[in-house]
Amino acid sequence: METISFRIWDKQNKKFHFSGSTPSMLTSFFEHTAVLNTRDEMPYQQFTGLSDMNKNWIYEGDIFRDRDWSIARAEVEFENGMFGFLYEEDNSFIPLFDCKSIEIIGNKFENPELISKNN
């Protein structure tokens, strides 16, 4: 991964704060968002180093659909040292590598209905 970047959801203002990728930007970001992480128990979400088919950066917590796999939607997660998603058909974790057919359609904070089991 060449670029290191994080984001955190701000519940009160209903928006993301993004870190930038330089050491000083990262330091400033963590200093200014620590209260969100502790008070609101909002996790930091890391950039995967990958982009979707529309060149949008993919972060943990993003929800996507994959046209090649016929996946209606899945959430990007970090597990066992890699980014991927839980494939519900057989309950296996699939690493993200080639994202040419992936399209980000939302994220778990702004679009929680997309990950609802009833949709």
Fill in the blank from the handout: For the range 31-83, the count of residues that are touching a strand residue (DSSP E or B) at 6+ places or on another chain (Cβ under 8 Å) and free of Cβ contacts under 8 Å to residues at least 12 places away in the same chain equals 1
Completion exercise
If we keep only residues of the range 78-119 that are touching a Ser or Thr at 6+ places or on another chain (Cβ under 8 Å) and assigned to a strand (DSSP E or B), then the residue surrounded by the fewest Cβ atoms within 10 Å (Cβ to Cβ) is Leu86
Practice task
Read through the list (1) surrounded by 15 or more Cβ atoms within 10 Å (Cβ to Cβ); (2) more than 13 Å from the chain's Cα centre (by Cα); (3) under 27 Å from Phe29 (Cβ atoms), then give the number of the only condition that Ile71 fails.
Solution key: (3)
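Bear in mind that the values in this text are calculations on the coordinates, not laboratory data. None of these values were measured; they are calculated from a predicted model. In this analysis, Cβ positions are derived from the backbone assuming ideal geometry, glycine residues included, and neighbour counts consider all displayed protein chains.
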